[in-house]
1. Under a point-charge model restricted to the Cβ atoms of Lys and Arg (+1) and Asp and Glu (-1), what is the dipole moment magnitude of the chain relative to its Cα centre, in debye to the nearest 20?
2. Could you tell me the distance between the Cα centroids of the range 19-52 and the range 88-164, to the nearest Å?
3. Among [x] 103, 15, 10; [y] 38, 21, 15; [z] 45, 19, 12, find the value of semi-axes √(5λ) of the Cα gyration tensor in Å that was calculated from the structure presented, and write down its label.
4. Looking at the range 45-131, which GluC sites (Glu not before Pro) are in a loop (DSSP not H, G, I, E or B) and have at most 12 other Cβ atoms within 10 Å?
5. Go through Val27, Leu152, Met169 and say which Cα lies farthest out towards the positive end of the charge dipole of the chain; charges sit on Cβ, +1 for Lys and Arg, -1 for Asp and Glu.
6. Using a probe of 1.4 angstrom, how much of the accessible area of the range 1-152 is carbon and sulfur, in percent?
7. Specify the angular offset, from 0 to 90 degrees and rounded to the nearest 10, of the alpha carbon long axis of helix 150-189 from the longest principal axis of the alpha carbons in the chain.
8. For the range 96-184, what does the accessible surface come to per residue with a 1.4 Å probe? Please give it in Å².
Amino acid sequence: MVSNDLNNSSTPNWASILGVVAIMLGVFLTAMHGTELMKQSVITSNMPASGEMPEADCPLGELDEEGITLEQCEFLVDYVQGVVQSTPEGFPGTMMALALIGTLLAFSSVIIGGALVNYTSWSSMAAVVIFAGLAIIDLLQFATVVNAGPILRGMYLWSILLWFILHLMLLVGALAGRHTEAARIHREVA
């Protein structure tokens, strides 16, 4: 009896599965883009006007709390200084803009995922639009990072490529689901 009720469900299986995946990845991506937005904002707002980073300030009490040595603290400061010095002038602003748009699209994908799970009439088309938008953001971030130096490419490139592949898979899933649903409706009408 239960399996018969499941077969009569108005929600297609592809929509439920795609919706759950969109919700899960959307939550992660919202956090990732939000973190990137905050990181770029903090770095640009706290950089001295001269561009010279101050010497490492590593109080021993804080080092003990964090469980790191003085050498590790100095390395971290040098690392941040190296990243800042290798960052092209327009990079932070571009990444902040893309991260803001990405955050909004990623959060929207959570909502669209919920609509897919409950299968509303507009959800499959909205999923195509949102997933395509996220893939475009990935491509724009890729272009921004590829034109930056090797340090930034090492930090960002693999993550961006991974998200691009995931967004392409979600987009293909939404397009295939829409095609399957249109064929089913056509068969029912005929």
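The values are calculated or read from the model by the stated rules, or taken from the named source; none is laboratory data. The structure displayed is predicted, hence computed values, not measured ones. Counting neighbours? That spans all protein chains shown, and the Cβs are built from the backbone with ideal geometry, glycine included. We work out accessible area using only protein heavy atoms, side chains counted, and drop any ligands, DNA or RNA first. Shrake-Rupley method; radii C 1.70, N 1.55, O 1.52, S 1.80 Å.
1. It works out to roughly 1460 debye.
2. Computed from Cα coordinates, the inter-centre distance equals 12 Å.
3. Read-out from the structure maps to [z].
4. Counting only loop positions with at most 12 other Cβ atoms within 10 Å, the GluC sites (Glu not before Pro) in the range 45-131 are Glu52, Glu55, Glu89.
5. The listed residue farthest towards the positive side: Met169.
6. For the range 1-152, the apolar C and S fraction of the accessible surface comes to 66 percent.
7. The angle comes out near 10 degrees.
8. Normalised by residue count, the accessible surface of the range 96-184 is 49 Å².
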